[in-house]
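Shown next, in structure tokens, is the structure this report addresses.
The values are calculated or read from the model by the stated rules, or taken from the named source; none is laboratory data. Predicted model, so just to flag it, every value in this text is computed and none were measured. All Cβ positions, even for glycine, are placed from backbone atoms using ideal geometry, and neighbour counts span all protein chains on display.
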Amino acid sequence: MSGLAPSLPPQALLEVDNLEVSFVAGSRIVQAVNGVSFSIASGETLAIVGESGSGKSTTGLAMMGLIQRSATTAISGEVRLRRKADGECDVLKLSGRELRKVRGNDVAMIFQEPMSSLNPVYSIGAQIGEAIRLHQHVGRAEAQAKALVLLKDLGVPNPEKCLTSYPHQLSGGMRQRVMIAIALSCEPSLLIADEPTTALDVTVQAQILDLLATIQRKTGMAIIFITHNLGVVSLIADRTLVMYAGQVVEQVPTGELFERPRMPYTAALLRSLPRLDNERLAGERLAAIPGSVPNAGHPPDGCRFHPRCDYSVEGICNGERPGLTACGTDHLVRCFRWREIEPGAAA
Amino acid sequence: MLTLIIRRLLLAIPTILVLTVLLFFSVSTLLGTPSSMMLGEDASPQAIAELNALYGFDRPVTVQYVDWLHKALTGDLGRSFTTRDPVANSIASALPVTLELAFLAIGLAVLAAIVLNSLPSAQRIVRPLVVALNLAGIAMPNFVIGIVLIFVFSVNLGWLPSTGWVPWSAGIGTHLEHLILPVVTLSAYYFGAFSLVYRAELADAYTKLYIQTARAKGVSETGVAFRHALPNAVLPVITFAGLSMGQLVGGAVVTETVFSMPGIGRLFVGSIAGRDYPVMLAVGMLVVVGVVVMNLIADILYRVVNPQIRLG
Amino acid sequence: MNARISIAAGMAIVVSICICALLAPYLAPYVPTHSSIDFLKGPSATHWFGTDELGRDTLSRVIYGARTSLAVGAGAALVSVLIGAPAGLAAGYLGGLFDAVAVPVIDLFIALPGLVLALIITVMVGPSLLNLVLVLGFVMWPTVARLVRGQTLAVREMAFIEAAVAAGGSSTWIIRRHVWPNIMRIVAAQFSLTVSFAIITSASLSFLGLGIPPPTPDWGSMVRTGYDFIGVNPAMSFAPGVAIAVTVLGFYLMGNAIK
């Protein structure tokens with residue numbers, strides 16, 4: 001492709017441009033990710049929120065080039081990344097070898113299940129060591145020394161023993177710390193965390209989140225935090241992306257998300273959170289969102305959320321597809337009726 | 001761990017004893033006296049009785065068994081009826097041949113199954129070929145494979161010899177050259193069986209999250225295949241291989257016959273044809289003991305190699 | 001491998017072999033035991049697979065050989081199921097002492113090499129069609145028993161058994177009405193696999209000289225005699241060899257597909 005390729009604005013670290021991922025399932029085409037665009041700057045934490053099936057995990061995987069193109073999988077769009085070693089690249093267009101240089105080095109990812117994210121047949125030291133030696137030219141002993149330092153910094157008690165242990169001998173929280181150590185071993189500029197605390201209990205959750213925040217302060221690393229837990233989002237994210245049925249439906253600084261959501265779906269999500277200060281507490285059920293996530297092979301006409309939306313209007317919401325429009329500073333929403341409604345005010 | 005091994009060992013001994021007793025008794029009762037076998041059915045009852053007395057076949061079976069066991073433990077397995085050689089000697093010279101054939105065959109089968117099914121690149125070309133070979137190996141009887149190989153490589157192309165054994169003294173090259181066809185023949189079935197198990201384990205391993213973690217670290221597909229998936233998928237294959245060593249004897253019997261190899265298998269077949277009772281019994285016992293021992297080793301090996309069991 | 005292709009191929013092969021066996025007198029161009037002076041001839045228009053050392057038509061002998069192979073295969077499989085299925089069922093359902101004794105015995109028999117066991121026993125009782133069927137059935141019943149036992153244990157855990165017991169059913173009634181249908185499929189699959197094993201093993205026994213005595217056409221012994229003439233007339237051993245392989249493949253594919 002000749003001509004001027006669009007390039008990153010000076011302060012952006014990563015820019016996703018119209019990402020689309022679709023799979024063939026049986027006889028239909030399923031659009032898992034449908035035109036997602038956003039950018040993230042150094043030192044920033046961006047949360048991607050949505051129910052399961054919203055396409056948030058797929059977006060994360062696609063950003064690492066972990067979704068492989070095949071006869072049944074199609075990816076399009078661009079994921080522009082500023083490399084550590086100067087220059088830019090489009091992750092989706094990299095060759096295998098170049099992609100391997102980016103993964104673990106420029107961008108790292110941690111996953112949801114610490115139980116099965118680590119290879120059961122290798123010791124912790126070997127697995128962290130592998131990550132180090134893939135991108136840095138050091139010997140085995142030096143890699144182990146670096147791994148030890150990493151574990152110490154992450155507050156792992158008795159790090160020497162941890163290095164020689166096997167995954168099944170560690171607790172869930174410890175394993176996740178090891179995963180973080182692996183991810184950070186080559187000082188990536190971006191960390192993608194896919195539900196890293198969902199499988200952990202609440203106290204450990206808090207520790208892990210604290211850890212990530214500390215590291216970010218020290219190194220200026222950007223974090224993309226994928227989760228369905230709005231509580232976590234409120235604690236750590238600067239900006240939030242809300243996804244529904246493969247699309248971004250609201251993009252806003254986190255504070256404003258909680259105070260004044262403009263997308264009915266976001267408001268509904270907030271209402272379904274159990275809250276201690278709610279007068280409706282005694283004897284009332286949680287306000288779950290009626291209906292269920294649309295079948296990805298057969299999305300509804302018009303706005304994909306309209307069948308479940310309290311504010312949908314016949315003729316407007318089930319006709320054309322809404323696009324993302326600006327509804328405030330730094331605030332995008334995908335709704336035709338944003339001017340007329342205040343979904344956050346309903347109580 | 002150690003206590004477990006010892007317990008298994010202690011369990012193995014009575015197992016062997018029970019099996020050898022069963023073998024001895026069934027052979028004795030079903031064969032009538034070996035003397036009638038040796039002399040033929042037309043022999044006079046008197047001649048049979050004389051021979052019985054001479055060999056002690058007229059004693060109660062239990063006594064015969066204890067006597068046999070006692071002698072066997074000291075290395076005296078009697079003399080062959082046909083060649084008059086001590087059975088122990090025949091076995092001692094035949095055993096290494098069979099063991100070499102067996103180990104090479106299993107080794108080849110394991111190696112081929114693992115390597116050929118692990119290669120990530122060119123899977124579209126390699127996999128159907130491997131599956132076809134697997135099916136051929138499982139469906140075609142040993143001897144058919146052997147005969148086809150001989151026909152193609154020996155008779156027609158003249159590349160390889162049609163017998164399976166020359167002693168090491170004839171030179172390592174020649175020795176191994178003669179072994180190629182029999183080893184391939186014997187390993188064919190196991191290549192198929194091991195491939196099936198391995199592919200299933202591999203498919204399961206690839207669904208695990210640690211594969212994704214490895215890719216996210218920047219490991220290449222080949223690295224993922226051989227360093228991450230393989231170690232997790234290979235264990236059941238190894239165990240299966242260990243357990244197959246016992247079954248292998250059956251295959252070895254046929255292979256040694258096709259390729260005229262002086263191993264235990266051919267010794268056994270010869271003893272059957274010649275009604276050579278001591279040899280038959282000795283080889284049968286050997287097989288029984290061998291199978292129990294191999295199972296034991298495979299079981300121990302599995303526990304040792306699997307870190308989850310080893311470290312608890 | 002595509003499941004549908006395997007089922008189709010397996011069934012096609014099995015049906016063809018059955019047809020050969022049943023309609024042998026109509027399909028074979030010559031009487032299989034009829035010797036002639038045209039011995040050791042290669043494939044020709046009059047003898048599609050050539051002739052053997054006694055001038056008998058190889059094609060006819062291969063077709064008639066299907067009878068022997070199927071008889072042995074199906075017979076042995078039947079015996080193994082008749083012994084193994086009830087044993088496994090009892091062990092799995094009744095448990096307790098019976099099971100504790102049965103399991104090590106079964107495991108041991110499975111570990112022993114089938115061919116060697118079959119060899120030893122056949123030597124003792126003498127080779128004949130009936131003996132072969134019984135011996136092979138005896139060698140295979142532990143595999144069936146273990147499979148059935150496993151399935152019985154799995155099914156037993158299911159809640160509806162408890163429901164049936166609560167409704168007042170006796171042990172045998174429960175086995176018959178609830179447990180057995182779930183096991184049928186596994187047994188059918190194993191039956192097919194046992195046939196393929198029996199055919200290979202009986203062919204091996206024949207090859208070693210312990211099979212059905214001549215002049216009955218039997219694929220294993222045909223390969224054996226053909227081996228001596230491999231340079232002169234390869235069709236003599238290839239034809240029956242391929243027949244064995246194809247038949248075994250057919251039953252194997254069908255067995256796997258049923259599972």
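Quick one: which helices (runs of 4 or more DSSP H) lie wholly within region B:196-280 and hold at least 2 residues that are within 14 Å of chain C (Cβ to nearest Cβ) and closer than 30 Å to B:THR163 by Cβ?
B:230-258, B:264-273
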Within region A:193-264, helices (runs of 4 or more DSSP H) holding 2 or more residues that are within 16 Å of the chain's Cα centre (by Cα): A:202-219, A:230-236
Any residue that is crowded, with 23+ Cβ neighbours inside 10 Å, at the interface with chain B (Cβ under 9 Å from one of its Cβ atoms), at pLDDT below 85 and not in a helix (DSSP H, G or I) - is there at least one of those in region C:222-242? no
Tell me which helices (runs of 4 or more DSSP H) are completely within region C:48-126 and hold 1 or more residues being in contact (Cβ under 8 Å) with a residue 60 or more places away in the chain, closer than 27 Å to B:GLN247 by Cα and polar (S, T, N, Q), or say none if there are none. C:58-94, C:114-125
Only helices (runs of 4 or more DSSP H) wholly contained in region A:68-174 count here; list those with 1 or more residues that are under 26 Å from A:THR203 (Cβ atoms). A:114-117, A:124-135, A:140-153, A:159-164
Report yes if B:ALA298 is surrounded by 21 or more Cβ atoms within 10 Å (Cβ to Cβ), part of a helix (DSSP H, G or I) and small (Gly, Ala, Ser), otherwise no. no
Would you say B:PRO120 is within 9 Å of chain C (Cβ to nearest Cβ) and either within 23 Å of C:LEU253 (Cα to Cα) or surrounded by fewer than 17 Cβ atoms within 10 Å (Cβ to Cβ) (or both)? no
The residue from B:ALA193, B:ALA132 that alone is under 19 Å from C:LEU249 (Cα atoms), of a type in the set (A, V, I, L, M), surrounded by fewer than 13 Cβ atoms within 10 Å (Cβ to Cβ) and within 12 Å of chain C (Cβ to nearest Cβ) is B:ALA132
A:GLN31 fails exactly one of the following numbered conditions: (1) at pLDDT below 90; (2) surrounded by fewer than 18 Cβ atoms within 10 Å (Cβ to Cβ); (3) part of a strand (DSSP E or B). What is the number of that condition? (2)
Is there a residue being assigned to a helix (DSSP H, G or I), at pLDDT 90 or above and more than 22 Å from A:LYS84 (Cβ to Cβ) anywhere in region A:183-191? no
Quick one: which residue in B:ALA252, B:ALA229 is of a type outside the set (Phe, Trp, Tyr) and either more than 23 Å from C:THR201 (Cβ to Cβ) or surrounded by fewer than 23 Cβ atoms within 10 Å (Cβ to Cβ) (or both)? B:ALA229
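With A:GLU113, A:GLU98 as the choices, which residue is free of Cβ contacts under 8 Å to residues at least 12 places away in the same chain, within 14 Å of chain B (Cβ to nearest Cβ) and under 27 Å from A:ALA143 (Cα atoms)?
Matching residue, one of A:GLU113, A:GLU98: A:GLU98.
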If you scan region B:151-180, which residues turn out to be without any contact (Cβ under 8 Å) to a residue 24 or more places away in the chain and within 12 Å of chain C (Cβ to nearest Cβ)? B:PHE151, B:VAL152, B:VAL155, B:ASN156, B:GLY158
May I ask you to list the residues in region C:22-44 that are in contact with a strand residue (DSSP E or B) (Cβ under 7 Å, 6 or more places away or on another chain) and surrounded by fewer than 12 Cβ atoms within 10 Å (Cβ to Cβ)? C:PRO29
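Just wondering, is there one or more residues in region B:142-150 that are in a helix (DSSP H, G or I), more than 12 Å from chain C (Cβ to nearest Cβ) and closer than 17 Å to B:LEU104 by Cα?
Scanning region B:142-150 turns up no residue that is in a helix (DSSP H, G or I), more than 12 Å from chain C (Cβ to nearest Cβ) and closer than 17 Å to B:LEU104 by Cα.
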Given the conditions (1) modelled with pLDDT of 90 or more; (2) of a type in the set (A, V, I, L, M); (3) over 23 Å from A:PRO114 (Cα atoms), report the number of the one that B:ALA214 does not fulfil. (3)
Quick one: would you say A:SER185 is out of contact with any strand residue (DSSP E or B) (no Cβ under 7 Å at 6 or more places or on another chain), crowded, with 23+ Cβ neighbours inside 10 Å and touching a residue at least 12 places away in the same chain (Cβ under 8 Å)? yes
